[in-house]
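Colleague: My questions all concern the structure below.
The values are calculated or read from the model by the stated rules, or taken from the named source; none is laboratory data. Computed from a predicted model, the values in this text were never measured in an experiment. Methodologically, a virtual Cβ is constructed for each residue, glycine included, from the backbone with ideal geometry; neighbour enumeration extends over all protein chains shown. All accessible areas refer to the heavy atoms of the entire protein, side chains included, with ligands and DNA or RNA removed. Shrake-Rupley method; radii C 1.70, N 1.55, O 1.52, S 1.80 Å.
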Amino acid sequence: MNAIPLVATSPEQEWHLPYKGRIGMYGLIIAESAIFTIFVIAYIYYIGKSLYGPTPQQVLDVPIVNTICLLSSSITIFLSERAIERNNLKTFGLWWAATIALGAIFLIGTGIEWHKLIYHDGLTISTNLFGTTFYSLVGLHATHVVVGLIMLTIVLLFTLTGHVKHEHSERVQVLALYWHFVDAVWVVVFTVVYIVGR
Amino acid sequence: MNEQQKPGSHTETIHLPAPTAWPIVLAFGSTLLFAGLVTSPWISVLGGILMVCGAVGWFRLVLPHEVHEDIPVVVEHIPIETTRREVERIVIPEGDRAHLPVETYPIISGIKGGLAGGVAMIPPALLYGLIAQHSIWYPVNLLGGAGVANWRNPTTADIAAFHWQGLLVANVIHWTACVLVGLLYGAMLPMLPRRPILLGGVIAPVLWTGMLHSVMGVVNPVLDEHIAWGWFLISQVCFGVVAGVVVARQERIRTTQSLPFLMRMGIETPGLVQEHKEDDRK
Amino acid sequence: MLPKWLRVERIARLAVFSALALSGHAMAEGPQATPSIFAPASTPATQIYHLSFFILEITAAIFVAVAGLLTYVIIRYRARTGDDESEPAQVYGSNQVELAWTVIPILIVVVLFLTTARVIFAIQDAPMPTAALEVTAVGHQFWWEYRYPKQGLVGQDFVAVNELHVPLSSTDHPTPTYIKLLSADVDHSFWVPQLAGKTDLIPNHPNDTWIDPLQSGLYVGQCAQFCGVQHANMLLRVYVDTPEQFAAWLANQAKPGIQDPSVVAGRHVFETQACMNCHAVQGTAATGRFGPDLTHLMSRDTLASGMIPNTRDNLRQWIKDPNTIKPGCLMPAMQLSEDQLDQVTNYLETLK
Amino acid sequence: MADQTLPIHGALDLTPPREREHTLLETLHSWVTTVDHKKLGLMYMMMSIFFLLVGGAEAIFIRIQLAVPNNHFVSPQTFNRLFTMHGTTMVFLVGMPLVFAWANYIVPLQIGARDMAFPRLNAFSFWLTLFGGLFLYYSFIGGPGLYGTGSAPDVTWWAYAPLTLKAFSPGHATDYWALALIVTGFGTIGGGINIIATVISMRCKGMTLMRMPLFSWVMFVDGAFVLIVITPLTASQVMLLIDRYLGGHFFDTQAGGSATVWMHFFWIFGHPEVYVLVFPAFAIASEVIQVFSRKALFGYPAMVAAIIGIAFVSVSVWAHHMFTIGMTSAGNAFFVLSTELVGIPTGIKIFNWLATMWGGKIRFATPMLFAIAFLFQFLCAGLTGIMLSIAPWNWQLHGSYFVIAHFHYILVGAIVFMVFSGIYYWFPKATGRMMSETLGKWHFWLFFIGFHLTFDTMHFVGFEGMPRWIYTYPADRGWQNINLVVSIGGLIQGIAVLIFAYNLISSLFKGKIAGNDPWDAWTLEWATTSPPPVYNFATDPVVRSWRPLWDLKHPENPDWKYD
Ligand code: HEA
Ligand code: HEA
Ligand code: CUA
Ligand SMILES: [Cu+2]
């Protein structure tokens, strides 16, 4: 048999594979989780091992407000996801902006905390083991928040100029997934640094 | 993203992502960003600038929709054929095909056989302990002794006393080994030509007892010094017979003994397995 | 009647030895110039040796079985010329066969693991007998420091360098040496194959190891963890002394440095040319800890951790410019004049 | 139409056929801006082959220095750079790009897709990998190191702390190591994300996961696996840079930091990494052995389970590289057990390949020669690995040339052999021409002889107490005879590789025209032209089994009836 005949694809045959953007983001999340895990393990291993310098009990205040802001931003972004699914672009934009605002508050709060630690308590990354592990872990997380906020802001700008439409909702959800991840990491970091480590 | 083939037509266009230089720009910028740390900070600055350019350029390629290039295509039939047209088949005598399908459950029957054998071999072992040292813990500790902390040059009295770590380790070793060997019985007993109980239940334990005897000096010298190989052999044969019988019953081995070896081996090949009809496979 | 395993071991040993004969060394007892792991002379090394033969037998059996099957297959099932019209019967698998060749390796692994665990506990958790000598070894880039505690009534703690002396032990009256392993800078590893497996020296992470040498003589080894430029020349020399030899050595090492008035000029050079910043000589003002203790320099057979014989010329050349002998070591050329070199060499030669 | 449900159309590009010559600039431009998985796959492959020659040259220099005792061919400083760069190059600039070369070129073709899921990310990942590699080599000429200007990393590829801290490695040598690998690491992450998204979201119709060719399954697991493998190294390197630049104390033992933490983190990366490197060899073996034995793979579901099993178990074994650092006896015992358990799914794979060949009609073309050698060599290497997993024996063998012999047996004897096998097998598809069988056989036999001369004998000098990382050895140790033989074998390997390079290039121009399916194979890539058009298939294929072409070639005995 030489020629391969054509067969029309039957309409009942379903062939749905997951959206590749979402899978890609899961892949990124897996990779990032591994990085964070290593920093968390280092943090936990080095608890109490500083030979000198300020200890967590002495200088750390639990950042309740920051945490509430960041975790609520997960709720706001979830609400915006639902909005764009229903084609409520205005609602979407509002909740999206709220997310950015809450994230920004978190960052500012972190900055204030660090300012106090550095200038008031004399704790820098090179002071002692606690300083090294603290700034590395929290800083790594903060970098991810920064990157996330930049991406969210770009989307906000596109929304304001009217370029974001209902058909982009899957892409938006992928970005929101990243933001949820950043929040989930904060839960772990918060527990390890401010609860377990103190 | 490509158009559906319309029957009979011979040209179409396919959309593929367009080639672009932004990825290499972004990559180069990223590298320079890091390279500045070991050369000059200005390299990092240059890297940063290139990164921003690359990122912006790339974004504009994918937002709001991907930029494509169109490639026209001519559809041509490609023959898929081979010179080796025939496919041989493993030949099975006609009469035996009537036995199909032979479904065995080597895993379940193996586990059951192993556990049953494991239970069966405990009484002789404990009996030996009672007779030789008046203690059922004696054989337990011989097996599990390595688990007892600071177990160095133990006296016979030590070995005859109760140690919970020894009991724990002995149980772990015992049940692991029993299940594993049971599984092996489940897999291989059907393959044996005749008298599976004799081969599997008696000859095999003799063989593995011999092997263990030859290496026990290295594996566990304490056990090697104190073990009574006769009693050991008896308990192994108990295991073998009971496990063999349980497995043979479960897999209806006696009736399968008349089948050719390939069938007893569970080989999946055309002629020996159920054929799927065409509509099953979508 | 020899246990069966021992007989098999003899065959295996014969095979390995004939292979090792490639490098032209007979397997003798006692210390050798080629530090082979198959010539153990101490209890931990011997335990490892027996275990290794067991493992070799099992892996050899697996190899013979699988490689044999492979060889059979490629010969028996090769395509014959002209036979190109049909495909062979397609076989997709067999659950029974998969189960069988999964379970058999698991059983082998169980046996291997139980045996190995036993030997681990026997070596690592062996209790220290009271008659043991305790020495602390400190690894430096690229030399070895050995601190001996006070030995009964003899003098004081002292520091030996690069050549470790330990007492001979025996199976009925064991006098092992327990070595605590520390590091002053980076990671090192203490490996004298005929005496024991290696253990690393890691800063801020004390380790210990023990040896139980059953034949006297000089055993060689070297640092087995990359520690910098001259890792290759951080050689080990372990002298297993008879009781008399050991007692004599101990007595000498515990004494302070000999103060010979005829070399006062050289000692002056030593003390003014910054030598004493790095080096110590017991009983003098020199108390440097960065470099080796030189109190009994002349009691050593070699210089620079086993690299060169301890002769006057070598010593002089070393002090003149260590980098001509051990390029990259941490002692700089001290820019001494020829006269100063002669004087300081004379001085050092009195430090017996 | 009852019999066929597999429409496959290769097609020719209609843009005016070969009407004008492309200028060199246009050709370069097309390669530099490409996002096509095939071109990128070929670029990854070219990068790997280039760095294989560079790393191999470094190996040859190492062997010349070690051929005789007390040699002065290179200084100790240069030697330490040579082996560090040799190891780092071979693992990160040869082994890792090879993973992406194979995955990129072949997986989309085998699963009937047009391209990878993220073509631009693909290009980005490649360029990051290449630039990272070039940056690493820039260290030879840029920046002052510990011993003068222009020094490459010289701290072994393990880069153990505290040797790598500023106190013991001033200058930038270690920084080049960390920074260059962070750059390539990001490329690796991008590549891994691409692979998993492609396999999950881009399979053609009818290709359920259990109908994927095993090659694609193995590369899929590899792509997912690499995401959690390279990232611990990236994290550790960031920590190292924090210590070196920002005064951090992660590994600073004077401040309470720990050298052993680096060890754990490095090997949590390092052991799974070697499985990442070997998976393509498994993937290629699965294809080549089937086609050249003319039989379906024995035990497909077991092979899938085994590869997943190996990936999972291998994350629990890392401390078998650390048996000598003074872990507790219980810790040591645990890692002995977990390491040996990894041998079980691996053994299953070897047995399944054996069973595939059993009852077949084996053709000894060059790809199959390399695959058969691979089977023997991987068996040996696995068994020496088991020897190394026995902790007390490891206390003797660790840090000695026995370990080097073990891992070169796999890295060269399994991976490089299968890479050659794969190149001979797929070169016709990628270029439309066959490679020379005669030269191929010369290449195989010379490389085989050289390989065994070098790495068989190397085991023995490990038994005799020769440690790693030494630039020379004294004459009275008795190691010189074996070292000489090892070095000669290395030179023979070099000649063989040069023959291969010549074969590769000359076949591009003078090779026999291959046609679509020169090997009479059964996976989708053989159903399109050689080389494939840029869009791979004109229409999406539909499949019913993991050997779609077998089904078409043998309509009375298709796979889907029996599996
Ligand atoms: C994929 C991995 C890989 C491969 C293929 C190889 C291949 C080889 N390796 Fe390597 N090796 C490693 C990975 C690898 N190695 C690693 C990870 C280390 C550890 C590093 C460390 O401890 O830090 C190591 C270490 C190592 C050492 C130990 C160094 C030491 O501890 O002091 C030695 C010693 O002999 C060695 C030898 C060889 C040889 C002879 C080859 C041969 O197979 C090479 C064959 C030769 C060629 C392929 C080259 C042929 C080409 C030419 C000659 C032409 C050149 C022309 C131009 C450049 C234009 N290797
Ligand atoms: C491709 C890479 C690759 C692969 C697949 C492996 C596979 C294995 N390796 Fe290897 N290894 C390396 C690359 C690799 N290794 C490298 C690069 C290093 C050194 C790095 C450095 O120090 O620089 C190293 C070092 C290394 C060490 C540390 C040595 C030391 O430094 O002290 C150990 C110790 O356990 C080890 C063990 C094993 C084992 C048990 C396997 C197993 O997976 C093998 C399993 C296979 C088999 C067992 C054979 C087939 C099975 C059967 C026939 C079934 C029957 C068998 C049994 C029942 C056991 N390897
Ligand atoms: Cu000390 Cu290597
Ligand atoms: Cu490993």
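Colleague: Look at segment D:417-443 and say how many of its residues are away from ligand 2 (no atom under 16 Å from the Cβ), buried (at least 24 other Cβ atoms within 10 Å of the Cβ) and within 30 Å of D:TYR401 (Cα to Cα).
Modeller: Qualifying residue count, segment D:417-443: 1.
Colleague: Taking into account only those residues within segment B:64-80 that are outside any strand (DSSP E or B) and crowded, with 16+ Cβ neighbours inside 10 Å, which is nearest to the chain's Cα centre (by Cα)?
Modeller: Taking segment B:64-80 and keeping what is outside any strand (DSSP E or B), we get B:64-67, B:78-80.
With crowded, with 16+ Cβ neighbours inside 10 Å added as a condition, the list becomes B:78, B:80.
Details: B:ILE78: 40, B:ILE80: 36 Å.
Ranking the qualifying residues of segment B:64-80, first place goes to B:ILE80.
Colleague: So, one more: Among the numbered criteria (1) more than 30 Å from C:HIS173 (Cβ to Cβ); (2) facing chain B (nearest Cβ under 7 Å); (3) of a type in the set (A, V, I, L, M, F, W, C), which one does C:TRP101 miss?
Modeller: Unmet condition: (2).
Colleague: Taking segment D:322-355 as the region of interest, how many residues are crowded, with 22+ Cβ neighbours inside 10 Å and within 16 Å of ligand 1 (Cβ to nearest atom)?
Modeller: 1
Colleague: Being at pLDDT 85 or above, within 30 Å of A:ILE154 (Cα to Cα) and more than 14 Å from chain C (Cβ to nearest Cβ): is that true of B:GLY117 here? Lay out the reasoning, then the answer.
Modeller: Numbers: at pLDDT 85 or above: yes; within 30 Å of A:ILE154 (Cα to Cα): no; more than 14 Å from chain C (Cβ to nearest Cβ): yes.
So B:GLY117 fails the test.
Colleague: Please specify each residue of segment A:110-169 satisfying the condition of being among the β-branched types (Val, Ile, Thr), more than 24 Å from the chain's Cα centre (by Cα) and away from chain D (no Cβ under 14 Å).
Modeller: Once the filter is applied, which keeps residues that are among the β-branched types (Val, Ile, Thr), more than 24 Å from the chain's Cα centre (by Cα) and away from chain D (no Cβ under 14 Å), segment A:110-169 yields only A:THR161.
Colleague: Look through segment C:160-190, keep the residues that are of a type in the set (Gly, Ala, Ser) and part of a loop (DSSP other than H, G, I, E, B), and return whichever of them is nearest to ligand 1 (Cβ to nearest atom). Step through it out loud before you land on a result.
Modeller: Initial filter on segment C:160-190 (of a type in the set (Gly, Ala, Ser)): C:160, C:169-170, C:183-184, C:189.
Okay, now just the ones that are also part of a loop (DSSP other than H, G, I, E, B), so C:169-170, C:184.
Working: C:SER169: 34, C:SER170: 38, C:ALA184: 23 Å.
The extreme case among them is C:ALA184.
Colleague: Which condition from (1) within 26 Å of D:ASP154 (Cα to Cα); (2) at the interface with chain D (Cβ under 10 Å from one of its Cβ atoms); (3) within 16 Å of ligand 3 (Cβ to nearest atom) is the one that C:PRO193 breaks?
Modeller: Condition (1) is where C:PRO193 drops out.
Colleague: I've got another one for you. Being at the interface with chain B (Cβ under 7 Å from one of its Cβ atoms) and not hydroxyl-bearing (Ser, Thr, Tyr) is the filter here; which residues of segment C:105-120 pass it?
Modeller: Restricting attention to segment C:105-120, the residues satisfying the condition of being at the interface with chain B (Cβ under 7 Å from one of its Cβ atoms) are C:106-107, C:110-111, C:114-115, C:117-118.
Across segment C:105-120, the qualifying residues are C:ILE106, C:LEU107, C:VAL110, C:VAL111, C:LEU114, C:ALA117, C:ARG118.
Colleague: Restricting segment D:473-505 to residues that are small (Gly, Ala, Ser) and open to solvent by less than 20 Å² (accessible area, probe 1.4 Å), which is farthest from ligand 3 (Cβ to nearest atom)?
Modeller: Step one: filter segment D:473-505 for residues small (Gly, Ala, Ser), giving D:475, D:478, D:487, D:489-490, D:494, D:496, D:501.
When the remaining residues are screened for being open to solvent by less than 20 Å² (accessible area, probe 1.4 Å), the result is D:478, D:487, D:489-490, D:496.
Numbers: D:GLY478: 21, D:SER487: 23, D:GLY489: 27, D:GLY490: 24, D:ALA496: 34 Å.
Looking at the filtered set, the residue picked out is D:ALA496.
Colleague: Taking only pairs six or more apart or across chains, which ones have beta-carbon atoms under 6 Å, a first residue in segment D:188-201 that is within 7 Å of chain A (Cβ to nearest Cβ), and a second residue that is among the small types (Gly, Ala, Ser) and in a helix (DSSP H, G or I)?
Modeller: Between residues of segment D:188-201 that are within 7 Å of chain A (Cβ to nearest Cβ) and residues that are among the small types (Gly, Ala, Ser) and in a helix (DSSP H, G or I), the close pairs are D:ILE189/A:ALA31; D:GLY192/D:GLY223; D:ILE193/A:GLY24; D:ILE193/A:GLY27; D:ILE196/A:GLY27; D:ILE196/D:GLY223; D:ILE196/D:ALA224; D:ALA197/A:GLY24.
Colleague: With the structure loaded, tell me whether D:THR78 is polar (S, T, N, Q), closer than 30 Å to D:TRP479 by Cβ and within 11 Å of ligand 1 (Cβ to nearest atom) or whether it fails that test. Lay out the reasoning, then the answer.
Modeller: Values: polar (S, T, N, Q): yes; closer than 30 Å to D:TRP479 by Cβ: yes; within 11 Å of ligand 1 (Cβ to nearest atom): no.
Taking the combined requirement at face value, the residue does not satisfy it.
Colleague: Could you list all residues from segment D:24-80 that are surrounded by 21 or more Cβ atoms within 10 Å (Cβ to Cβ), over 18 Å from the mean Cα position of the chain (by Cα) and aromatic (Phe, Trp, Tyr)?
Modeller: D:PHE79
Colleague: Still on this structure, I have one more. Which ones in segment D:280-320 are in a helix (DSSP H, G or I) and more than 20 Å from the chain's Cα centre (by Cα)? Full working, then the answer.
Modeller: At the first step, the residues of segment D:280-320 found to be in a helix (DSSP H, G or I) are D:280-293, D:300-316, D:318-320.
Those that are in a helix (DSSP H, G or I) and more than 20 Å from the chain's Cα centre (by Cα): D:GLN290, D:VAL291, D:PHE292, D:SER293, D:TYR300, D:PRO301, D:ALA302, D:ALA305, D:SER316, D:ALA319, D:HIS320.
Colleague: If you go through segment D:88-121 one residue at a time, how many are within 11 Å of another protein chain (Cβ to nearest Cβ) and under 14 Å from D:MET47 (Cβ atoms)?
Modeller: Qualifying residue count, segment D:88-121: 0.
Colleague: Kindly indicate whether any position in segment D:174-183 is within 13 Å of chain A (Cβ to nearest Cβ) and either open to solvent by less than 10 Å² (accessible area, probe 1.4 Å) or not β-branched (Val, Ile, Thr) (or both).
Modeller: yes
Colleague: Return the residues of segment D:499-539 that are in contact with a Leu (Cβ under 9 Å, 6 or more places away or on another chain) and hydrophobic (A, V, I, L, M, F, W, C); say none if nothing qualifies.
Modeller: D:ILE499, D:PHE500, D:ALA501, D:ALA521, D:TRP522, D:LEU524, D:TRP526, D:ALA527, D:VAL534, D:PHE537
Colleague: Kindly indicate which of A:ILE108, A:ILE77, A:ILE100 is in contact with a His (Cβ under 8 Å, 6 or more places away or on another chain) and under 13 Å from A:LEU149 (Cβ atoms).
Modeller: Working: A:ILE108 fails: in contact with a His (Cβ under 8 Å, 6 or more places away or on another chain); A:ILE100 fails: in contact with a His (Cβ under 8 Å, 6 or more places away or on another chain).
From the options A:ILE108, A:ILE77, A:ILE100, the qualifying one is A:ILE77.
Colleague: If you don't mind, another one. From the list D:TRP479, D:TRP526, D:TRP550, D:TRP469, pick out the single residue that is under 30 Å from D:LEU209 (Cβ atoms), within 14 Å of chain C (Cβ to nearest Cβ) and of a type in the set (A, V, I, L, M, F, W, C). Show your work before the answer.
Modeller: Working: D:TRP479 fails: under 30 Å from D:LEU209 (Cβ atoms); D:TRP526 fails: within 14 Å of chain C (Cβ to nearest Cβ); D:TRP469 fails: under 30 Å from D:LEU209 (Cβ atoms).
When all the criteria are applied, what remains is D:TRP550.
Colleague: Does segment D:356-370 contain at least one residue that is within 11 Å of ligand 2 (Cβ to nearest atom) and either facing chain C (nearest Cβ under 10 Å) or in contact (Cβ under 8 Å) with a residue 60 or more places away in the chain (or both)? Can you show your working first?
Modeller: Residues of segment D:356-370 that are within 11 Å of ligand 2 (Cβ to nearest atom), as a first pass: none.
No: zero hits.
Colleague: Could you go through segment D:388-398 and let me know if any residue there is out of contact with any Ser or Thr (no Cβ under 8 Å at 6 or more places or on another chain), at pLDDT 95 or above, crowded, with 22+ Cβ neighbours inside 10 Å and closer than 30 Å to D:HIS320 by Cα. Steps first, answer last, please.
Modeller: Residues of segment D:388-398 out of contact with any Ser or Thr (no Cβ under 8 Å at 6 or more places or on another chain): D:388, D:397.
Going one step further and asking which of them are at pLDDT 95 or above, we end up with D:388, D:397.
Checking which are crowded, with 22+ Cβ neighbours inside 10 Å leaves us with D:397.
Going one step further and asking which of them are closer than 30 Å to D:HIS320 by Cα, we end up with D:397.
Checked segment D:388-398: at least one residue is out of contact with any Ser or Thr (no Cβ under 8 Å at 6 or more places or on another chain), at pLDDT 95 or above, crowded, with 22+ Cβ neighbours inside 10 Å and closer than 30 Å to D:HIS320 by Cα.
Colleague: Same structure, new question: Could we say that D:PHE83 is open to solvent by less than 20 Å² (accessible area, probe 1.4 Å), within 16 Å of ligand 3 (Cβ to nearest atom) and either facing another protein chain (nearest Cβ under 8 Å) or in a helix (DSSP H, G or I) (or both) here? Full working, then the answer.
Modeller: On the way: open to solvent by less than 20 Å² (accessible area, probe 1.4 Å): no; within 16 Å of ligand 3 (Cβ to nearest atom): yes; either facing another protein chain (nearest Cβ under 8 Å) or in a helix (DSSP H, G or I) (or both): yes.
Criteria not met by D:PHE83.
Colleague: Hey, another quick one. Might you check whether a residue that is over 17 Å from the mean Cα position of the chain (by Cα), open to solvent by 40 Å² or more (accessible area, probe 1.4 Å), away from ligand 4 (no atom under 16 Å from the Cβ) and outside the structural domain of C:SER52 (by TED's automatic domain parsing) occurs anywhere in segment C:217-231?
Modeller: Of all residues in segment C:217-231, those over 17 Å from the mean Cα position of the chain (by Cα) come to C:228-229.
Subset that is open to solvent by 40 Å² or more (accessible area, probe 1.4 Å): none.
No, every residue in segment C:217-231 fails to be over 17 Å from the mean Cα position of the chain (by Cα), open to solvent by 40 Å² or more (accessible area, probe 1.4 Å), away from ligand 4 (no atom under 16 Å from the Cβ) and outside the structural domain of C:SER52 (by TED's automatic domain parsing).
Colleague: Scan segment A:98-110 residue by residue and report those that are open to solvent by less than 40 Å² (accessible area, probe 1.4 Å) and over 16 Å from A:LEU177 (Cβ atoms). Reasoning before the result, please.
Modeller: The initial filter retains those residues of segment A:98-110 that are open to solvent by less than 40 Å² (accessible area, probe 1.4 Å), namely A:98-100, A:102-104, A:106, A:109-110.
Correct list: A:ALA98, A:ILE100, A:LEU102, A:ALA104, A:PHE106, A:GLY109, A:THR110.
Colleague: Within segment D:524-555, take every residue that is polar (S, T, N, Q) and open to solvent by 10 Å² or more (accessible area, probe 1.4 Å) and give me the one that is farthest from the chain's Cα centre (by Cα). Even if it seems obvious, please write down each step before you answer.
Modeller: Initially, segment D:524-555 is screened for residues polar (S, T, N, Q), giving D:528-530, D:536, D:539, D:545.
Retained after the next criterion (residues that are open to solvent by 10 Å² or more (accessible area, probe 1.4 Å)): D:529-530, D:539.
Numbers: D:THR529: 27, D:SER530: 25, D:THR539: 33 Å.
Within segment D:524-555, the match that is farthest from the chain's Cα centre (by Cα) is D:THR539.
Colleague: So, in segment D:338-354, exactly how many residues are away from ligand 2 (no atom under 11 Å from the Cβ) and free of Cβ contacts under 8 Å to residues at least 24 places away in the same chain?
Modeller: 0
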